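Presented below is the structure to which this report refers.
The values are calculated or read from the model by the stated rules, or taken from the named source; none is laboratory data. Because the structure is predicted, anything quoted here is derived from the model rather than measured. Every residue, glycine as well, gets a Cβ built from its backbone with ideal geometry; the counts of neighbours run over all protein chains shown. Accessible surface is based on the protein model in full, side chains and every heavy atom, while ligands, DNA and RNA are left aside. Shrake-Rupley method; radii C 1.70, N 1.55, O 1.52, S 1.80 Å.
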Amino acid sequence: QVQLVESGGGLVQPGGSLRLSCAASGGIFSNYAMGWYRQVPGKQRELVAAATSGGSTNYADSVKGRFTISWGVSKNTVYLQMNSLKPQDTGVYYCNLKWRGVTYWGQGTQVTVSS
């Protein structure tokens, strides 16, 4: 079955950087999209950044110019480079894959931005 494995979360000071990675397995993927969502307690999960296999990207306004989503060489891995991190970027970051009308989620990785 399809699995998403995330890594790269942690604690960072404001202004710092982190890179998240998400590797998808269990399918031969075509015409799909992968992305990152963030959730904080008491709020809905919200889109941070997404990319399609066709090459388009989409970012939340709050991260434009600071975060970059990119594909790995094999195109079954997606990265989220997060620069100039702010305390409001804190949350659990979930990797997401949309393929053949089904949405898959990773287990989540905690990102905490604090001094």
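Mind checking the dipole of the chain: about its Cα centre, +1 per Lys or Arg Cβ, -1 per Asp or Glu Cβ, Debye to the nearest 20?
So the magnitude is around 100 debye.
Compute the distance from the alpha-carbon center of region 68-115 to that of region 1-42, in whole Å.
Going from one Cα centre to the other spans 3 Å.
Taking 0.36 nm per intervening residue step and subtracting the Cα-Cα distance, what contour gain separates residue 107 from residue 39 on full extension?
The span from residue 107 to residue 39 would gain 23.3 nm if fully extended.
So for 46, 6, what's the accessible-area order with a 1.4 Å probe, most first?
Heavy-atom accessible area, descending, gives 46, 6.
With +1 on the Cβ of every Lys and Arg and -1 on the Cβ of every Asp and Glu, and nothing else charged, how large is the dipole of region 60-115 about its Cα centre, in debye rounded to the nearest 20?
180
On the accessible surface of the chain, probed at 1.4 Å, how many percent belong to carbon and sulfur atoms?
Exposed carbon and sulfur together represent 48 percent of the surface.
Solvent-accessible area per residue for the chain at a 1.4 Å probe radius, Å²?
53
Could you tell me which residue out of 29, 70, 44 lies farthest along the dipole of the chain toward its positive end? Charges go on the beta carbon: Lys and Arg +1, Asp and Glu -1, centred on the Cα centre.
29
How much net charge surrounds residue 113 when only other residues with a Cβ under 12 Å from its Cβ are counted (Lys, Arg +1; Asp, Glu -1)?
Here the count lands on +2.
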